[in-house]
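Asks: Quick one: the structure is below, questions incoming.
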Amino acid sequence: MRAFNFSAGPATLPTEVLEQVQAELLDWRGLGLSVMELSHRGPEFMEILARSEADLRDLLNIPSEYRVIFCQEGASAHWDMIPLNLLQGKKRADYIETGYWSYRAIEEGRRYCQVNIAASNRSDQFCAIPLQQDWRLDPDAAYVHYCSNETIDGLEFHWIPDTGSVPLVVDMSSHFLSRPVPIQRFGMVYAGAQKNIGPAGLSLVIIRDDLLHPAAPGTPFLMDYHAQVLANSMLNTPPTFTIWVAGLVFQWIKRQGGLEAMEARNREKSEALYAALDRSDFYRTTVKRIDRSHMNIPFHLRDPALDEKFLKEAEQHHLLQLRGHRVVGGMRASIYNAMPMAGVQALIAFMNDFEQRHG
Ligand SMILES: *Cc1c(COP(=O)(O)O)cnc(C)c1O
């Protein structure tokens, strides 16, 4: 049987999509071979790639002046690729610090430029998103980087920063495709696949045409966005299987009713779980209410001595991978698009029962 998988990533995939992969694995469209075995330059894979991009464009309503790149690197590689490609001779960039992943981007950005931390919630223990009115943006920055959903800390931007003419660059890894997004507000959006897109091994970039120039001298050729766009994401062999499965996920989202429908479902799921957490003082959350993530919900048991018991019993109830990230401890329920409401309800029922027995 399939358990409910609350992992932050690699994360749960829609069962329907996995069944489709299983059905088509050995003999794709009667060709007598698997997608994994197709030439990436042949017409069949070219069609898969084109369809994946077209469905993504449809889902997000991506304007025509934006390019989509299918990258082999994980989201982390973009912390280097962004300065290498977007500084374009400038010396400074703005970064917003809101938690673990935005901080990792800052550390990496410092290898290439003068990083201005325009806002930080570090002194707030990463519990609330700094208000834009308190940001100290540099009008000469090459770009402003932020992370719109902090996977580990459980914070989500429910608004989009206004950076004037300075391009806004966003790491959307852990809530990409969880709701509609006005792409035209961004210079560049990137996201790793293994949270809400598909299997690990791929990241997506959506970048505005006017930001595409040859990368800084010395940049490895695969890390040059401009070159990747010219080569249609095929400077070398792309991760063909992962791109295929990601495309099946895009089609699955369309069948669910698109991003508006995803947003409604995600809201319903997270509200149910937060309501359960708020009802109890056996469990606690620390993120400020208005900044709570709909995707990643970290929480702690009042008595951490019960953590291991909680995890073990949850597993017996087929509720898997609830352990919080090692830097924050406690628990974390990641409830991405592919997590059904039934999974959230099963978790809430288990939590209530566990509290009754140990509270
Ligand atoms: C998971 C994650 C990353 C790192 O992704 P990799 O694919 O392991 O490089 C970066 N940013 C965010 C927001 C993430 O959730």
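Asks: With contacts defined as alpha carbon pairs under 8 Å and 6 or more residues apart, what's the relative contact order of region 257-358 in percent? The partial results should precede the final answer.
Replies: Values: 95 pairs, mean separation 31.0, N = 102.
It rounds to 30 percent for region 257-358.
Asks: Right, next: If you roll a 1.4 angstrom probe over the protein chains with everything in place, what fraction of the accessible area of region 1-126 belongs to carbon and sulfur, to the nearest %? Working shown, then result.
Replies: On the way: 3000 of 6150 Å².
That fraction is 49 percent.
Asks: Just name one of Ile129, Ile207, Ala246: the one whose Cα is farthest towards the positive end of the charge dipole of the chain (beta-carbon charges, Lys/Arg +1, Asp/Glu -1).
Replies: Highest projection toward the positive end goes to Ile129.
Asks: Quick one: accessible area per residue over region 16-255, 1.4 Å probe, rounded to a whole number of Å²?
Replies: Details: 9700 Å² over 240 residues.
Each residue of region 16-255 exposes 40 Å² on average to a 1.4 Å probe.
Asks: Which number do you get for Rg(Cα) / (2.2 N^0.38 Å) in region 16-255?
Replies: Cα-based Rg divided by the globular estimate yields 1.04.
Asks: Under 13 Å from the Cβ of Ile62, count the other residues' Cβ atoms, weight Lys and Arg +1, Asp and Glu -1, and hand me the total.
Replies: Numbers: positive: Arg57, Arg67, Arg185, Arg208; negative: Glu53, Asp55, Asp58, Glu65, Asp209.
Charge balance in the 13 Å sphere: -1.
Asks: Mind ranking Lys269, Lys90, Lys195 by accessible surface for me, highest first, 1.4 Å probe?
Replies: Details: Lys269 5, Lys90 95, Lys195 35 Å².
Greatest to least solvent exposure: Lys90, Lys195, Lys269.
Asks: Let me ask something else about it. Any idea what the dipole of region 257-358 comes to, in debye rounded to 20, about its Cα centre with Lys/Arg Cβ at +1 and Asp/Glu Cβ at -1? Numbers along the way, then the final one.
Replies: Values: 15 positive and 14 negative charges, 46 e Å.
Approximately 220 debye in magnitude.
Asks: What do you get when you divide the Cα radius of gyration of region 130-282 by 2.2 N^0.38 Å, with N the number of residues? Intermediate results must be reported in sequence, preceding the final value.
Replies: Numbers: Rg = 17.9 Å, N = 153, 2.2 N^0.38 = 14.9 Å.
After normalising by residue count via 2.2 N^0.38 Å, the value is 1.21.
Asks: A further question on this structure: Could you point to the residue in Gly192, Phe70, Pro220 farthest towards the positive end of the chain's charge dipole, with +1 and -1 charges on the Cβ of Lys/Arg and Asp/Glu respectively?
Replies: Gly192
Asks: What part of the accessible area of region 203-354, given as a whole %, is carbon or sulfur when the probe is 1.4 angstrom? Show your work: numbers first, answer last.
Replies: Working: 3560 of 6540 Å².
Reported share for carbon and sulfur atoms: 55 percent.
Asks: Computed from the mean reciprocal separation of all distinct C-alpha pairs, what Kirkwood hydrodynamic radius does region 78-214 have, in Å?
Replies: Values: mean 1/r = 0.0665 Å⁻¹.
Result for region 78-214, one decimal place: 15.0 Å.
Asks: Moving on. If you scale each eigenvalue of the Cα gyration tensor by 5 and take the root, what three semi-axes come out for region 257-358, rounded to whole angstrom and sorted largest first? Kindly include the intermediate steps, with their values, before the conclusion.
Replies: Details: eigenvalues 100, 45, 32 Å².
Here the semi-axes work out to 22, 15, 13 Å.
Asks: For region 257-358, with every protein chain kept in place, what is the accessible area per residue (1.4 Å probe, Å²)? Show your work: numbers first, answer last.
Replies: Working: 4830 Å² over 102 residues.
On a per-residue basis, region 257-358 sits at 47 Å².
Asks: Here's another thing I want to ask about it. Compute the separation of the alpha-carbon centres of region 1-75 and region 96-130 and state it in Å as a whole number.
Replies: Value for the Cα centre distance between the two parts: 32 Å.
Asks: In region 197-214, which residues have a backbone nitrogen under 19 Å from the label point lying 7 Å from Leu235's Cα in the Cα-to-Cβ direction?
Replies: Once the point is set 7 Å along Cα→Cβ of Leu235, 201-214 turn out to lie under 19 Å by backbone N, inside region 197-214.
Asks: Follow-up. Post the alpha-carbon centroid distance, region 333-348 to region 165-242, in whole angstrom.
Replies: 28 Å
Asks: Please give the net charge around Gln316, taking every other residue with its beta carbon less than 14 angstrom from that of Gln316, where Lys and Arg add +1 and Asp and Glu add -1.
Replies: Details: positive: Lys309, Lys312, Arg357; negative: Glu308, Glu313, Glu315, Asp353.
For residues surrounding Gln316, the net value is -1.
Asks: For region 52-116, run through the GluC sites (Glu not before Pro) and keep only the ones in DSSP coil with at most 12 other Cβ atoms within 10 Å of their Cβ. Could you put the intermediate results ahead of the total?
Replies: Values: sites: Glu53, Glu65, Glu73, Glu97, Glu107, Glu108; in loops: Glu65, Glu73.
When the GluC sites (Glu not before Pro) of region 52-116 are filtered for loop state and at most 12 Cβ neighbours within 10 Å, Glu65 remain.
Asks: How large is ³J(HN,Hα) for each residue in region 352-359, as worked out from phi by the Karplus curve 6.51 cos²θ - 1.76 cosθ + 1.60 (θ = phi - 60°), to whole Hz, x for Gly and Pro?
Replies: 4, 5, 4, 5, 4, 7, 10, x
Asks: While we're on this one: Can you check what the net charge comes to around Ser34, using other residues whose Cβ is under 14 Å from the Cβ of Ser34 (Lys, Arg +1; Asp, Glu -1)? Before the final figure, lay out each step's value.
Replies: On the way: positive: Arg29; negative: Glu24, Asp27, Glu37, Glu44.
Surrounding charge for Ser34 is -3.
Asks: Sticking with the crude label model, points 7 Å out along Cα→Cβ, report the distance from Arg284 to Ala3 in nm, one decimal please.
Replies: 2.9 nm
The values are calculated or read from the model by the stated rules, or taken from the named source; none is laboratory data. Note that the structure is a prediction, hence the values are computed from the model and not measured. Don't worry about glycine lacking a Cβ; one is built from the backbone with ideal geometry, like all the others, and counts go over all protein chains shown. Note: accessible area is taken over every heavy atom of the protein model, side chains too, but ligands, DNA and RNA are not part of it. Shrake-Rupley method; radii C 1.70, N 1.55, O 1.52, S 1.80 Å.
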